[in-house]
Amino acid sequence: MPFYHTLGQIPPKRHTQFEKPDGGLYYEQLFGTIGFDGMSSLLYHIHRPTMVKEVLESVAMEPKLAVEKNMLSRKLIGFDITPVDDFIESRVPLLVNKDVIFGLAAPRRSMTEYFYKNADSDEMLFIHRGSGNLRTLLGTIPFEYGDYLVIPRGMIYQIEFNSDDNRLLYLESHTPIYTPKRYRNHFGQLLEHSPFCERDFVLPRDLETHDEKGEFLMKIKKQGSLHSLVYASHPFDVVGWDGYNFPYGFSIFNFEPITGRVHQPPPVHQTFQTDSFVVCSFCPRLYDYHPKAIPAPYNHSNIDSDEVLYYVDGDFMSRNDIAKGHITLHPGGIPHGPHPGAMERSIGKKETQEYAVMVDTFRPLMLTEQAMRIDDGKYYKSWLE
Ligand SMILES: [Fe+2]
């Protein structure tokens, strides 16, 4: 997050002695990304963050691929994935390439037995159903329906749900997830034409500081495997921190759509960027107001990217036979567009109530075995009249 945030107590000068009230020094940790070049935070721990007691088993988590060279437009029935108690086990990778894993999850239980971090990827969770708290070593972020949670790589967390009925979309991005560059000035501040601003972000709060020794299981995703390490002190033992590298929340309901007299292209919906894909939010908005406007999108050839749409709520104007939790994949290389009747249907309409999350990847996506189990198999013919 390109702005400064701080919680708890920190010493007035970095890299200097920070004394505990009962003697001894706190342990400083620089927590950054992209070597020493990216955003970082400075953390102050009660105990050394390096006290590994034991290394247990490692489990391979690489997605099993079913279709590596996909040329079909697809529709996946997202709510058909099975709810599973455990948060990590509930994750179902569906669409993957070298840069990103796109999946869905229906976790039933809070994470209480262990702590988790993803050392491979920044994670983005989109909350389609459910609410709770994302508890991290830098503080807590409450979440509810419609929230994006952006969790930088390496961030230790537990996730707490208020009920057992949860539906999440998740992305694991091997390059950092940022807000779009064109909406930020030289200093990182979001500009006036940005569809959201700093006030819309939910920052970590209520720093939890546990001074506990014992055995604490940490599951770490690295190189596609899940490693289990036992630490000798509670992972949430930070008394204070400051910096730019921290998780945050952003509600899709705070995205302010950009509209025009004629149809605006998908980049106006952009919410996040990475080096290898973009994330866009389609939100309720007034339609184009030229007297001859066609609110439905024109056919387009996303020749250089695969386009994934996850349908959240409302009536999706350009598509027939789409319901909540459905995913459409429009592969690069062939054009796609509104379904038969959608263009005519859209003329004269004043507004839409749709919510959807779009992910456009610059490299083609491959389908996993789990994706094929929820593929409707006939979507690619749905434009035939
Ligand atoms: Fe499209």
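The values are calculated or read from the model by the stated rules, or taken from the named source; none is laboratory data. A quick note: this is a predicted structure, and the numbers were derived from the prediction, not measured. Cβ sites come from the backbone with ideal geometry, for glycine too, and all protein chains shown count toward neighbours. These accessible areas exclude ligands, DNA and RNA; they are computed on the full protein's heavy atoms, side chains included. Shrake-Rupley method; radii C 1.70, N 1.55, O 1.52, S 1.80 Å.
Points worth noting:
- For the range 211-322: Kirkwood Rh in Å [reciprocal of mean 1/r, alpha carbons]: 19.0 Å
- Size of the range 278-322 as Cα extents on the principal axes (Å, biggest first): 33, 26, 22
- Rounded to whole Hz, the Karplus (6.51, -1.76, 1.60) HN-Hα couplings of the range 319-330, x for glycine and proline: 10, 9, 6, 10, 10, 3, x, 6, 10, 10, 10, 10
- Cα point-scatterer Debye curve for the range 63-163, base-10 log of I(q)/I(0) at q = 0.11, 0.20 Å⁻¹: -0.37, -1.14
- Of all lysines in the structure, the ones whose alpha carbon falls short of 20 Å from that of Lys350, not counting any fewer than 8 places away in one chain, are Lys292.
- Carbon and sulfur %, accessible surface of the chain computed with the full protein complex present, 1.4 Å: 51 percent
- Note on the chain: antiparallel DSSP beta bridges, both residues inside, total approximately 95 percent of the bridges counted.
- Between Phe102, Met71, His15, the Cα set farthest toward the positive side of the dipole of the range 1-145 (charges on each charged residue's Cβ, about the Cα centre) is that of Met71.
- Within-10-Å neighbourhood charge of Met155 [Cβ basis; K, R +1; D, E -1]: 0
- Rolling a 1.4 Å probe over the heavy atoms of the protein chains gives the chain an accessible area of 46 Å² per residue.
- The charge dipole of the chain, taken about its Cα centre with unit charges on the Cβ atoms of Lys, Arg (+1), Asp and Glu (-1) only, comes to about 780 debye.
- Taking other residues whose beta carbon is less than 12 angstrom from the beta carbon of His210, and scoring Lys, Arg as +1 and Asp, Glu as -1, yields -2.
- Bins of 10 Å, starting at 0 and running to the largest distance - Cα pair percent for the chain: 5, 22, 31, 24, 12, 5, 1, 0
- Links that overshoot a 21 Å alpha carbon limit, given the list Lys64/Lys378; Lys20/Lys221; Lys53/Lys117; Lys75/Lys381; Lys69/Lys222: Lys64/Lys378; Lys20/Lys221; Lys69/Lys222
- Inter-part distance, the range 138-152 to the range 201-233, computed on C-alpha centroids, equals 17 Å.
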